[in-house]
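Student: Below: one structure in structure tokens.
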Amino acid sequence: MQTSTVDTAQRLRDGMARGVLSFPLTSFRTDGSLDLDGFRDYLAGQLATCPGAVFPACGTGEFGALDEEEYGRVVTAAVEVTAGRVPVVAGTGYGYAQALRFARIAEEAGADALLVLPHYLNKASQAGLFEQLRRIADGTRLPLIAYQRDQVSYDAATVRRIAGIPGVIGLKDGHSDLDRLQRATLAAPEGFLFFNGAPTAELQARAYATVGVPAYSSAVHAFAPEIATAVFQAVTAGDAQRVDQLLAEFYIPFVELRDRQPGYAVSLVKAAARLRGRPVGPVRAPLTDPAPVDLADLEALLTAGLNLVGATR
């Protein structure tokens with residue numbers, strides 16, 4: 001790997017050991033337009049909680065709802081606000097040709113690396129998944145982290161192959177198939193990065209750690225970093241009783257609420273951030289904001305969760 005790629009991988013490894021990975025929300029105004037000032041203010045609050053890295057314009061940041069100009073503005077703002085304190089890993093995706101357009105914008109914005117989101121629509125063979133990453137890697141100087149979720153799933157042999165692509169430094173897993181993931185971690189070379197990207201990853205953090213993948217991203221960090229940090233610290237310290245309490249009294253009810261409607265994995269997170277006064281605004285279509293009854297339940301749960309960790313609204 002090139003020196004810059006090695007340096008980025010090491011910074012990410014250090015960050016993953018230090019804290020959860022932040023996937024910030026993208027701020028919109030009530031008319032749906034991009035609110036860059038709101039995003040900057042919101043991201044500054046995220047950084048104050050010392051995440052391991054920042055992943056702007058990814059799934060939680062509604063990558064699929066941004067045009068190229070907006071994407072560039074969001075990534076540029078993230079680079080400026082972080083000011084080198086933590087790595088900035090921007091999202092990219094769709095087919096490889098479009099992914100490279102976003103990759104070049106991220107390069108110009110000063111991002112440190114790219115998270116390659118699942119490609120658009122079609123299922124693909126293992127050979128096709130490899131070729132997708134190879135073509136993106138060939139067209140950008142930025143290191144890549146592959147993201148397996150939905151229609152993208154790498155077998156162990158393909159993980160070994162993609163780890164050999166210059167510039168591919170890691171894999172984010174959203175399938176939670178620990179048997180398959182264990183095979184992948186054993187097939188990959190030493191130093192290849194893995195992290196848990198399951199929805200509400202805290203529920204499975206301990207299970208992932210047993211197969212050598214202790215690092216994870218946190219959607220809850222996007223609106224309640226105090227709760228997310230409390231879980232991370234308890235998991236790291238091996239405090240099973242505290243982890244169980246936080247999961248039982250906050251995370252499981254949150255997942256049950258999230259599962260009431262498609263799209264709540266993002267819109268519920270954004271609504272919770274608004275309840276705390278964060279300037280994130282509404283979601284963009286095709287996502288929808290929570291129904292009033294769900295919003296009331298979210299508010300009660302958020303208050304209870306913050307009380308658990310001694311924080312206030």
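Student: Mean shadow of region 62-219, computed from the convex hull of its alpha carbons, in nm²?
Tutor: Working: hull surface 35.5 nm².
The orientation-averaged projected area of the Cα hull of region 62-219 comes to 8.9 nm².
Student: Something else about it: For region 55-120, treating each Cα as an identical point scatterer without solvent, what Debye log10 I(q)/I(0) comes out at q = 0.12, 0.27 1/Å?
Tutor: Each listed q maps to, in turn, -0.24, -1.22.
Student: Using Cβ counts within 10 Å as a stand-in for footprinting exposure, how do CYS58, CYS50 rank, fewest first? Could you put the intermediate results ahead of the total?
Tutor: On the way: CYS58 25, CYS50 15.
Fewest-to-most ranking of CYS58, CYS50: CYS50, CYS58.
Student: Measuring from centroid to centroid over Cα atoms, what is the spacing of region 84-121 and region 24-79 in Å?
Tutor: Cα centroid to Cα centroid, the span is 14 Å.
Student: Taking square-rooted eigenvalues a ≥ b ≥ c of the alpha carbon gyration tensor, is region 24-65 rounded, prolate or oblate, where a/c under 1.5 means rounded and, failing that, a/b exceeding b/c means prolate? Kindly include the intermediate steps, with their values, before the conclusion.
Tutor: Numbers: a/c = 3.54, a/b = 1.45, b/c = 2.44.
Cα axes put region 24-65 in the oblate bin.
Student: Additional query: Quick check: convex hull over the Cα atoms of the chain, volume per residue in Å³, rounded to an integer? Write out the running numbers ahead of the final one.
Tutor: Values: hull volume 37.1 nm³, N = 313.
Each residue corresponds to 119 Å³ of Cα convex hull volume.
Student: Of all DSSP beta bridges in the chain, what percent run antiparallel (nearest 5)?
Tutor: Working: 1 of 23 bridges.
In the chain, DSSP labels about 5 percent of beta bridges as antiparallel.
Student: Next up: Let's see if you can work this out: charge +1 on each Lys and Arg Cβ, -1 on each Asp and Glu Cβ, no other charges. What is the dipole magnitude of region 233-313 about its Cα centre, in debye to the nearest 20?
Tutor: For this selection, approximately 420 debye.
Student: Among GLY281, THR82, VAL211, whose Cα projects farthest towards the positive end of the dipole of the chain, with charges put on the beta-carbon of Lys, Arg (+1) and Asp, Glu (-1)?
Tutor: The residue sitting farthest along the positive end of the dipole is VAL211.
Student: List the residues whose amide H sits under 5 Å from the amide H of LEU115, counting only those 5 or more places along or on another chain, with H placed 1.01 Å from N in the peptide plane.
Tutor: Counting only residues 5 or more places away or on other chains, the set is ALA90, GLY91, THR92, ILE145.
Student: How long, wide and thick is region 175-313, going by the Cα atoms along their three principal axes, in whole angstroms, largest first?
Tutor: Result for region 175-313: principal-axis Cα extents of 47, 35, 24 Å.
Student: Shifting gears a bit: Could you give me the ³J(HN,Hα) list for region 25-35, computed from phi with Karplus coefficients 6.51, -1.76, 1.60 and θ = phi - 60°, whole Hz, x at Gly and Pro?
Tutor: Once rounded to whole Hz, the list reads 6, 9, 7, 10, 7, 5, 8, x, 6, 5, 10.
Computed from the coordinates by the stated procedures, all read-outs in this text should not be read as laboratory data. Keep in mind it's a predicted model, so treat the numbers as computed, not measured. Heads up, the Cβs are rebuilt from the backbone with ideal geometry, glycines too, and the neighbour counts pull from every protein chain shown.
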